[in-house]
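J.: Please read through the structure below; I'll follow up with questions.
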Amino acid sequence: MAKSSSNNVTGKARGKSPTRSDQSAGEQTREEMGLLLGSGGETHQTAEGDTEVLTTQQGVPVSDDQNSLKQGARGPTLLEDFHFREKIFHFDHERIPERVVHARGYAAHGFFELTESLSDVTSADVFQRVGEKTPAFVRFSTVAGSKGSPDLARDVRGFAVKIYTKEGNWDLVGNNIPVFFIQDAMKFPDLIHAAKPAPDRAFPQAQTAHDNFWDFISLTPESMHMVMWAMSDRTLPRSFRTMEGFGVHTFRMLDAEGNSTFVKFHWKPKAGLQSVVWNEAVKINGADPDFHRRDLWDAIESGDFPEWELGVQLFDEAFAESFDFDVLDATKIIPEELVPVRIVGRLVLDRVVDNFFAETEQVAFCTQHVPPGIDFTNDPLLQGRNFSYLDTQLKRLGGPNFTHIPINAPKCSVSHFQQDGHMAINYRAGRANYEPNSWGPGIGGPREDPVRGFRSYEAEPDGPKLRIRPESFADHYSQARQFLISQTPIEQKHIGDALVFELSKVERLDIRTRMVSHLVNVDAGLAATVADGLGMEVPEAAQAARPTMTELPPSAALSIVANGPDSFEGRKVGILVTDGSDSKMLAGLTKAIEKEGALYELVAPKIGGVTLSDGTKMPAKQKIDGGPSILYDAVAVIPSQEGAALLAIDAPSKDFVTDAFAHCKFIGIGPDAAPLFEKAGLSDDLDDGCLPVGSAKDATAFIEACRKLRFWDRELNVDLDAQADA
Ligand code: HDE
């Protein structure tokens, strides 16, 4: 809209562009006046082909954007300089408040396509016609960090989807974890205050490894299930493309008669689940704090469009009654084994934003934005959110007209009598701004439609007004345990490691002890591991309102490793090369990578690249210290003999292989690479995850091995904690 309005900021349509002779004429005059000090004509550097005229916000062409207006060449700047004042004024106001949570985020456009009709349970227009595509916008985020914080903080990821349906925008504002820390929105400010930097010292940034967070958590047993997820590798996603999304709450779907079906929403990544390991995450944050946003941008720009399936778990009151837990409690899941996930559509992200601020920063998601056919339940977290999101938009976007901003505007017709306010852009022509009115068709404006219009489920009131937590919300440990036992051994180990790491950053022993006392209720083995890692005795179990149900069976759907892609498609290999690297070997390797649909980058001593054995020059994508192995899913090292000798005395090269080894990556090794591995101290440790890539056949076998993504068996040999556990 902004692009086509009279407020055209591109200025392409405005007047005649200055010609070179126009400019030099202007400069000559000033030179004549002796006002171009020192720099000759350099103040007006114009690249060849620039034709657009710079204007003020009012559209006035600007003659000089380099110098403010002064009284005399060395004199004071004049207030009269409206161009300067406007430019600085606008700059001074470039920022809006960052989101109080989920400040760090990245978004893209795409579409939702229905693959299976849900017309049996909902009248929602978006779920009626199979094959129909509806525009969508998705913003991923971390929760605790500020806007400039690194992408790979250990944190929950936001997964907020705006679907521009024909009957209004639907915002499904979810996370990559299906449960939450708290049960009642009343506790949200406390949770977030505790997680964010402490108010006195303003650190630590984007981390939960500190006293305040664990103090709050250890006093909030309802968070234990979420703690298991948060300490798992779910909070270290390899990419936005490799994480699931969840609507978290139980919602309702309503059919045309108003009959309700409960629903939980799931987004399942086509690329499969994948995470990185903690030590890797820490290093990625230094090497590339934009790791996730770069990955999303690159994937879309290269045409490898990220995709998720939309799944729904549908159930009725009878199931809800029979379920061990309350479906209104956002700290609980419904295992897929109990209510299968029905896949009904796909979400594809196929377009990056034109402008980060206009779209990603200004997009306003609100849980209460639902179209007819979708409705809320009484989940007290959801009810609180329905207030919070609208309120927060007012603060951030400065007025009630945030829906006029193109990214927030519905793509269906909008017709109402709401008017005015800050930055009102859309308006209704004519006299009628109220209803009922008697101005008649065409002039009198819109009227409600009891059939098409949004209707709420006619729920019966539940009882007296109370400030109370229902009894049915009281079991805080059973599903935490179920999550833990659903993980593969390596994932369970990572949960233990993460708890030990985080609690080791907690200074107060009583907080550590209280936290471990909750773990005793989750699983005695985990509590013992964590206590041991902290160097303390296992404390008494925390008092539990309900005993832990140890009989809940594992659910395979909850493991990342068990739900990997079994493919290396879309993943990236870092290939370390030097001058003289074997050109045939490189060709064989890159062919195998491409055949798998994977990507590679050449990492070399100089960014200018290397001269291969056959004399071909190959540019590098990264210089070694700018392309550490943490940026890749697997690595291959194929230096020449002389090259290997040089790499062997280069610390970043040694880090390249030791890190890849420590992070359990598959490593492809060329025939001349031995000196590097020897100097890196790895020669005696090379295992089945370290494979030759000397021939094309070897290269293919190497890439096939990479489909497992990590060689987890190695962890026993690279981690003292693992040995202690074994
Ligand atoms: Fe949010 N949350 N939240 N949240 N949330 C916000 O809205 C809030 C919760 C989630 O990419 C805020 O526009 C309350 C659960 C995402 O722009 C704010 C409660 C889940 C995003 C807010 C919760 C989420 C937000 C801040 C407890 C997963 C980023 C900026 C009842 C289901 C959306 C904004 C984006 C953002 C409030 C809990 C997801 C303050 C009160 C549970 C993905 O309104």
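The values are calculated or read from the model by the stated rules, or taken from the named source; none is laboratory data. Please read these numbers as outputs of a predicted model, since none were measured by experiment. No Cβ is skipped: glycine too gets one built from the backbone with ideal geometry, and neighbour counts run over all protein chains shown. Just so you know, the surface numbers come from the protein's heavy atoms only, side chains and all, with ligands and any DNA or RNA stripped out. Shrake-Rupley method; radii C 1.70, N 1.55, O 1.52, S 1.80 Å.
J.: Eigenvalues of the Cα gyration tensor times 5, then square-rooted: what semi-axes does that give for the range 569-627, in whole angstrom, largest first? Don't skip to the end; give the middle numbers.
T.: Details: eigenvalues 70, 44, 9 Å².
For the range 569-627, the ellipsoid semi-axes come out as 19, 15, 7 Å.
J.: Considering only protein heavy atoms, what is the solvent-accessible area of VAL282 at a probe of 1.4 Å, reported in Å² to the nearest 10?
T.: 70 Å²
J.: Through the Karplus equation 6.51 cos²θ - 1.76 cosθ + 1.60, θ set to phi - 60°, convert the phi angles of the range 605-622 into ³J(HN,Hα) values in whole Hz; use x for Gly and Pro.
T.: x, 10, 5, x, x, 9, 9, 6, 4, 8, x, 5, 8, 10, x, 9, 8, 9
J.: Enumerate the aspartates and glutamates that LYS87 could reach by cross-link, defined here as Cα to Cα under 15 Å, with residues fewer than 8 away along the same chain left out.
T.: ASP64, ASP65
J.: Using only Cα atoms, what Kirkwood radius does the range 568-725 have, in angstroms? Don't skip to the end; give the middle numbers.
T.: On the way: mean 1/r = 0.0657 Å⁻¹.
Taking every pair of different Cα atoms in the range 568-725, averaging 1/r and inverting gives 15.2 Å.
J.: For the chain, what is the mean residue ellipticity at 222 nm derived from helices alone (per DSSP H run of n ≥ 4: -39500 (n - 2.57); sum divided by total residues; nearest 500 deg cm²/dmol)? Please list the in-between numbers first.
T.: Details: 20 runs with 201 residues, N = 726.
Result for the chain: -8000 deg cm²/dmol, rounded to the nearest 500.
J.: Charges only on Cβ, +1 for Lys and Arg, -1 for Asp and Glu: so what's the dipole of the chain about the Cα centre, in debye to the nearest 20?
T.: On the way: 74 positive and 105 negative charges, 381 e Å.
Taking the Cα centre of the chain as origin, the dipole is about 1820 debye.
J.: Can you give me the Cα centroid spacing of the range 320-392 and the range 449-481 in angstrom?
T.: 15 Å
J.: What ranking do 326-332, 91-97 get when scored by the average of other Cβ atoms within 10 Å per residue, highest first? Could the numbers behind the result be given before it?
T.: Working: 326-332: 23.3, 91-97: 9.4.
Ranked by mean Cβ neighbours within 10 Å, highest first: 326-332, 91-97.
J.: If you roll a 1.4 Å probe over the heavy atoms of the protein chains, what accessible area per residue do you get for the chain, in Å²? Present the calculation step by step, with values, prior to reporting the outcome.
T.: Numbers: 34990 Å² over 726 residues.
For the chain, the per-residue accessible area is 48 Å².
J.: Greater than 18 Å separation of Cα atoms is the criterion. Which listed pairs, LYS584/LYS617; LYS591/LYS697; LYS196/LYS283; LYS572/LYS654; LYS196/LYS505; LYS264/LYS493, meet it? Write down the numbers at each step before the final one.
T.: Details: LYS584/LYS617 13 Å; LYS591/LYS697 11 Å; LYS196/LYS283 21 Å; LYS572/LYS654 20 Å; LYS196/LYS505 15 Å; LYS264/LYS493 29 Å.
Checking Cα-Cα distances, LYS196/LYS283; LYS572/LYS654; LYS264/LYS493 exceed 18 Å.
J.: Over the range 359-420, what relative contact order in percent results from Cα pairs under 8 Å that are six or more residues apart?
T.: Working: 32 pairs, mean separation 22.6, N = 62.
Relative contact order for the range 359-420 comes out at 36 percent.
J.: Taking the Cα centre of each part, how many Å lie between the range 259-275 and the range 395-437?
T.: 33 Å
J.: Say the dipole of the chain comes from +1 at the beta carbon of Lys and Arg and -1 at that of Asp and Glu; which of HIS83, GLY681, GLY580 then lies farthest toward its positive end?
T.: HIS83
J.: Suppose every K and R has +1 on its Cβ and every D and E has -1 on its Cβ; what is the size of the dipole of the range 568-725 about the Cα centre, in Debye to the nearest 20?
T.: Details: 17 positive and 26 negative charges, 146 e Å.
I would put it at about 700 debye.
J.: Follow-up. What FRET efficiency comes out for the pair LEU466/ALA562, r = Cβ-Cβ distance, R0 = 41 Å, nearest 0.05? Mind showing how you got there, number by number?
T.: On the way: r = 42 Å, r/R0 = 1.03.
The pair LEU466/ALA562 has a calculated efficiency of 0.45.
J.: Take the solvent-accessible surface of the protein heavy atoms, probe 1.4 Å, and return the percent of it on the range 204-253 that carbon and sulfur atoms account for. Walk me through the intermediate numbers first.
T.: Values: 430 of 820 Å².
Carbon-and-sulfur percentage of accessible area, whole number: 53.
J.: Straight-line reach from LYS679: which aspartates and glutamates have Cα under 15 Å away, leaving out those fewer than 8 places along the same chain?
T.: GLU642, ASP650, ASP655, ASP659
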